[in-house]
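Participant: Below you will find the structure I want to go over with you.
Derivation of every value follows stated rules applied to the coordinates shown; laboratory data play no part. Note that the structure is predicted; figures quoted are calculated from it, not measured. Note that we place each Cβ from the backbone using ideal geometry, even for glycine, and neighbour counts take in every protein chain shown.
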Amino acid sequence: QRLAQNMEKEKKPLFENTHVIVVGSGKGGVGKSTVSANLAVALGKLGYKVGLIDADVLGFSIPRLMGIVGQKSYALNEHMIIPIEKYGIKVISMGNFADEDTPLIWRGPLLGNVLEQFMNDVYWGDLDYMVLDLPPGTGDVPLTIMQKIPEQNFILVTTPQSSASHVAGRIAHMAKKVNIDIIGIVENMSYFECPDCHKRYNIFGEGETEKLSKELSTDILVKIPIDIQVREKSDTGMPVAFEDSKQSKYYTDLAKKVVE
Ligand code: ADP
């Protein structure tokens with residue numbers, strides 16, 4: 001109880017002195033969560049104190065990506081939830097309160113409460129960066145988050161193919177409308193490079209993300225190729241960004257741009 005009281009006292013206003021990086025996408029399956037997790041880990045490797053909020057409350061995938069499936073977050077009291085620490089990152093996800101296989105059927109207002117709790121009632125301590133993985137698309141949750149957190153920066157994750165559809169730009173336009181700074185675009189699954197002959201194949205097309213970046217007057221921060229390692233390591237809870245490798249370089253580059 002004393003510990004809880006002391007921790008309560010130490011609690012700071014919402015993310016004071018913390019840079020909040022919100023990661024969004026027009027639709028699911030483009031690699032948004034993979035980018036969020038690896039960005040958080042890459043920022044941690046640069047020496048920053050980093051938190052990761054899985055705001056995709058219903059479709060959470062951060063526990064799997066961070067290798068914390070089955071671990072439970074616990075609470076000292078109702079206003080003091082302790083985040084799980086992995087790879088040096090403090091993580092909170094609905095997945096660590098519910099079973100992965102249990103479907104969550106919640107309504108909007110309840111969802112809002114969960115996110116508010118993730119932001120207000122978690123003992124984050126001092127953080128330099130908070131990476132927030134949004135649910136895909138432009139629903140109520142992304143909008144609420146964009147309106148609630150005072151200072152935040154937005155990263156759009158897209159594939160060359162999804163850049164071509166208007167869906168990708170819509171969430172970025174929404175961010176702009178509520179005056180959120182867009183740091184830039186991550187083009188994921190950009191191309192496949194043959195490991196033997198090093199020839200590049202633009203599997204999902206090319207050029208569309210450049211058009212999108214012009215339309216949004218923002219930069220393409222990094223182009224991340226399709227890579228078996230990224231997929232395999234993500235599935236086994238070992239973010240590629242954690243160890244130095246050819247693949248981790250993309251996320252380190254991204255983290256460095258975010259820090260700039
Ligand atoms: P989203 O969060 O946009 O729904 P995920 O991050 O869950 O997407 O990624 C969808 C799938 O694509 C996952 O299986 C993930 O491992 C895989 N993936 C993401 N980025 C890459 C990449 N650069 N190369 C290969 N597979 C990737």
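Participant: Could you tell me what percent of the DSSP beta bridges with both partners in the range 157-260 are antiparallel, to the nearest 5?
Facilitator: Details: 2 of 8 bridges.
Here the antiparallel bridges make up roughly 25 percent for the range 157-260.
Participant: Along its principal axes, what span do the Cα atoms of the range 133-209 show, with the longest given first and each in whole Å?
Facilitator: If we take the Cα atoms of the range 133-209, the spans are 49, 21, 18 Å.
Participant: Rounded to the nearest 500 deg cm²/dmol, what is the calculated helix-only ellipticity per residue at 222 nm for the chain, with -39500 (n - 2.57) per DSSP H run of length n ≥ 4? If you can, show how the numbers build up before the last one.
Facilitator: Values: 10 runs with 94 residues, N = 260.
It comes out at -10500 deg cm²/dmol, rounded to the nearest 500.
Participant: Within the range 106-208, report the trypsin sites (Lys or Arg not before Pro) that DSSP leaves as loop and that have at most 14 other Cβ atoms within 10 Å. Display every interim value, and only then the final one.
Facilitator: On the way: sites: 107, 148, 170, 176, 177, 199, 200; in loops: 107, 199.
Taking the range 106-208 and a limit of 14 other Cβ atoms within 10 Å, the loop trypsin sites (Lys or Arg not before Pro) found are 107, 199.
Participant: List the pair-distance distribution P(r) of the chain, using every Cα-Cα distance, as the percent of pairs falling in each 5 Å bin from 0 up to the bin containing the longest distance, rounded to whole percents.
Facilitator: Per 5 Å bin, starting at 0, the Cα pair percentages come out as 1, 6, 14, 18, 20, 17, 12, 6, 3, 1, 1, 0, 0.
Participant: With an 8 Å Cα cut-off and a minimum separation of 6 or more residues, compute the relative contact order for the range 2-259 in percent.
Facilitator: After rounding, I find 26 percent.
Participant: Just to be sure I understand: of the beta bridges DSSP finds with both ends in the range 2-259, what percent are antiparallel, rounded to 5?
Facilitator: So the antiparallel bridges amount to about 20 percent of the total.
Participant: Oh, and also: Amide H neighbours of residue 188 under 5 Å, at least 5 residues apart or on other chains, H built in the peptide plane: list them.
Facilitator: Those qualifying (amide H under 5 Å, at least 5 residues apart or on another chain) are 158, 159, 224.
Participant: OK, next. Estimate the FRET efficiency between residue 16 and residue 72 by the formula 1/(1 + (r/R0)^6), using the beta-carbon distance for r and 35 Å for R0, to the nearest 0.05.
Facilitator: The pair residue 16/residue 72 has a calculated efficiency of 0.80.
Participant: Using 1/(1 + (r/R0)^6) with R0 = 51 angstrom and r between the beta carbons of residue 79 and residue 245, what's the FRET efficiency to the nearest 0.05?
Facilitator: It comes to 0.80.
Participant: Past 18 Å, Cα to Cα, is the threshold; run 90/148; 223/256; 176/214; 49/177 against it and keep the listed order.
Facilitator: 90/148; 49/177
Participant: Kindly state, to the nearest 0.05, the FRET efficiency for residue 201 paired with residue 232, given R0 = 25 Å and r defined as their beta-carbon distance.
Facilitator: After rounding to 0.05, the efficiency reads 0.80.
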